[in-house]
Amino acid sequence: MGEIFALVEHRQNAVRDITFELLTCGRRIAEQQNAQLTALLFGHNIAQTCDAVKNHAHRILAIDHELYKTFNAETYQATLVDIIQKEKPLLTLIGHTAFGWDLAPSLATQLGIPFTTDCLALEIRDDLAHATRQMYDGKLNAHVTLKKHDSYIVTLRSGSVPAEDASLNAEVQNYEPPLSAEPEYRKFLEYIEAAVGEVDITKADIIVSIGRGIKEQANMPAIEDFVKAIGGVLACSRPVVDAGWLPKDRQVGSSGKTVKPKLYIALGISGAFQHIVGMKGADTIIAVNKDPNAPIFNEADYGVVEDLFKVVPALKEKIVELKG
Amino acid sequence: MDIIVCIKRVPQTAEADVKIDASKKDIIKDRLTFDMNEADTYALEEAILFKEKFGGTLTVVSLGGVEAEDTLRIALAKGADHAIRIKAEEFGELDGYKTAAIIREAIKDTKHDIIFTGCMATDDAYSQVGVILAELLGIPHATLVTKIDMKNDKLHAYRELEGGLLEHLEITLPALCTIQTGINEPRYASLLAIRRAAKKELTVVGKAEIAGENIMSHSVLDELYVPPVGKRAEMLTGSMDEITAKLGSIVKEKGLL
C-alpha cells in the first residue's frame, strides 16, 4: 500500500495554513487506508519549520538546501518527480494556492499521474480517488472520479478542510536534492511586497465593500456618499480592481487583504470563495445582492435580495436619521 | 515575436441563475449568454500589446463548438492574424488534461515565442490547461501573471501570490504565461473591425487533421449538484422602509453609529 504525501507550503520558513489543512486531509485518508502520512518539506535552514509540522505526520521527508530557500515550481517539480518515482505514494496532496497552481498540473503531466485541482473534499474508495470540486463561478459542485491508477495527485482548496491538531511525532528523514542548481530557463528573482495605500482597510471597524454588481464607474459616487454617512471605509472584490475603479490595496480576498471589521456590508458581491476567505472573520456581515442564490448569503448574517442602487440611498437616509 | 493565445467561449454564470440539466453532467444553457472567458480577454489583450510592440504573428486557438467561431472572430477583429477552431464536438468529454493535449496537437507546428492563456476558465475552473500545455510542449511557464516585461530577450513575469505579494521570475523563450485578470484594459472591437474580421482566415481542424485519437481524460465528471446551503443569512424582507429600519437598528445595536 502506497503512502499519503502532503507537500508542506511555507514562505521562507513561515508555514502557511494550507499545510495543516493538507496534513489533516492526508491524515484522515491515511487512517482510512491504513497507510502512513509523509510530509514533504523542502527549504533552507528548516529546523523550526520541521518542528512546526512534526506532530502532524508519521514521517517528514526533508531537504535542507539553499536551492529551496524560495519557491520555484521548476525545482519543486524536478524534486517531486524524483521522490514520487522512487517512493510511489498512493496520493500526493498539494495546496491549490499560487504555488500549487504553478506546480501540480505540470508535475502530474510529467509523471503521467491522474490528477485534479481545487478540490473541497477527497475520498479514496476501492482504489479510486473521488473528489468534490466547484464549477460555474462556484454556483455548482461536481463529483469527479480520477482514472484508475496506483498514484494520484490532487490540489486542495484553502479553508476546505479545517486543520486539526495531532500528536504523531514524525520521524525525520533527510533526502538528497536531485538537482544542484535552478534551471537556466526559469529563475526566481525576488518577492515584491504590495505597495502601502492611503487607507488601511484592515484597521477599519466598518467596511462597505462593492463587487461586480456596481456595474459602472458612474455608480461609485452614490456608494461613496453612503460610506461617508456610515463612517466606514470603501473596499471591494476583484472585478472592481480589475476594472481600475479602486486600487489593489482596497481588494478583500485571497490575493488582496484579509479583514476582520465589526461590520462588513457587501454590495453586489456574489461571494466567490477567493473573496469569502478575506472577510469571513467580520463580526457582522450584511449582504445585498439581486441573486437569491448568490453564495454570499451563506456567509452573511443578514441578507437583502434587492437592487443595491435602491437599498443604498434609502439606507443612507436611515443612517443619517439615526445619527441625528 | 510570434504569439499564440488560447481562448474559450463560456457561459456567463457569475450573475446568472445556474440550473443543472437532466443528464446531471451539464447545465441548462438556453437562457445564458456566452462570451470569451474573462481571463482569456486579458490574455488576448496582452498578446495584442506584445504584437504592437514587437511585431510578429498572432494566432488565436479555441477548442469549442461551432459557436466558438464567433468568439474567434472577435479576437480577429481585435487584432489577431489567424484563428483556429478545434472541433470540440469530435472529442467527447473533456477535462483539463485532454483539452491541453488536443490543443498541443493542433498548435505544435505553429511557430510560437510566447503562448498566453487565461489563468482559469469560469465554467469548469480547472486552472490547468495552460500549465499542462507548457509541459507537453516542453517550454517553461508562469501562472497567475499580472505584469510582464521583456529584458535582454528574456521574459520577466510577475506572478500574483496570496496577500498581494508578487513573485518576480525570469524565463527564457519560448514560454507560456497564464494571465490573471486585471493585467491590462482589454479593448473592444469596433464594428468596422468586426466586419473586416469576417474576411480573415479561420481554420477549422478536427480528428482528421490532428492526431487526437488516443488522448484520454484524467478525470471523469460523475455529476453536478447544488452545493449544500451553509449557515444561511437571516433574510430581511418587506418594504424598503422596513428593510432599512431593520438594517439601521442592527448597525445601532452594534454600537457603530
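By the Stokes-Einstein formula, at 0.692 mPa s and 37 °C, the protein assembly as shown with its Kirkwood radius over alpha-carbon pairs has D equal to 131 µm²/s. Each helix, a run of at least 4 DSSP H residues, gives -39500 (n - 2.57); summed and divided by the residues of the protein assembly as shown, these come to -8500 deg cm²/dmol at 222 nm. For the protein assembly as shown, the share of DSSP beta bridges that are antiparallel, to the nearest 5, is 35%. For the stretch B:99-230, the calculated P(r) over all alpha carbon pairs, in 10 Å bins from 0 to the bin holding the longest distance, is 10, 30, 33, 22, 5, 0 percent.
Find, among the GluC sites (Glu not before Pro) in the stretch B:40-133, those assigned to loop by DSSP (not H, G, I, E, B) with at most 14 other beta-carbon atoms within 10 angstrom. For GluC sites (Glu not before Pro) across the stretch B:40-133 that sit outside H, G, I, E and B with at most 14 neighbouring Cβ atoms in 10 Å, the list reads B:Glu67, B:Glu93. Say we join alpha carbon atoms closer than 10 Å with springs in a Gaussian network model of chain B; which of B:Ala88, B:Ala47, B:Ala14 then has the biggest fluctuation? Greatest mean-square fluctuation among the candidates belongs to B:Ala14. Per-residue shielding of A:290-299, expressed as the average number of other chain Cβ atoms within 10 Å of the residue Cβ, stands at 4.
Excluding the site residues themselves, the longest part of chain B lacking any trypsin sites (Lys or Arg not before Pro) in a DSSP loop with at most 15 other Cβ atoms within 10 Å is B:32-107. If you take all other residues with their beta carbon under 11 Å from the beta carbon of A:Asp242, and give Lys and Arg +1 and Asp and Glu -1, the sum is +1. The value obtained for chain A, namely the Cα convex hull volume divided by the number of residues, is 150 Å³ per residue. Once the GluC sites (Glu not before Pro) in DSSP loops with at most 15 neighbouring Cβ atoms within 10 Å are cut out of chain A, the longest remaining piece is A:1-163. In whole percents, the pair-distance distribution calculated for the stretch B:2-205 from its alpha-carbon pairs, binned every 5 Å from zero, is 1, 7, 15, 21, 21, 16, 11, 5, 2, 0, 0, 0. If both residues of a DSSP beta bridge must be in chain B, then about 40% of such bridges are antiparallel. Peptide B:8-17 shows a mean partner chain C-beta count of 4 within 10 Å per residue C-beta. For the stretch B:189-257, GluC sites (Glu not before Pro) are listed when DSSP marks them as loop and at most 14 other Cβ atoms sit within 10 Å of their Cβ; the list is B:Glu201, B:Glu209, B:Glu213.
When you restrict to C-alpha pairs under 8 Å that are six or more residues apart and normalise by the size of the stretch B:44-87, the relative contact order lands at 44 percent.
For the stretch A:4-174, the ratio of Cα radius of gyration to the globular rule of thumb 2.2 N^0.38 Å stands at 0.96.
Semi-axis lengths, largest first, of the ellipsoid equivalent to the stretch B:26-140 are 22, 18, 13 Å, with √(5λ) applied to each eigenvalue of the Cα gyration tensor. Note on the stretch A:1-134: antiparallel DSSP beta bridges, both residues inside, total approximately 40 percent of the bridges counted. Each 10 Å bin from 0 upward holds the following percent of the Cα-Cα pairs of the stretch A:201-323: 15, 52, 32, 2. Mean per-residue shielding of peptide B:137-147 is 3, counting Cβ atoms of other chains within 10 Å of each Cβ. Shape summary: the stretch B:187-228 maps onto an equivalent ellipsoid whose semi-axes, from the alpha-carbon gyration tensor, are 36, 24, 7 Å in decreasing order.
Taken together, the values in this text are just the output of simple stated rules run on the coordinates, not laboratory data. Remember, it's a predicted structure, so these values are computed and weren't measured experimentally. Note that we place each Cβ from the backbone using ideal geometry, even for glycine, and neighbour counts take in every protein chain shown.
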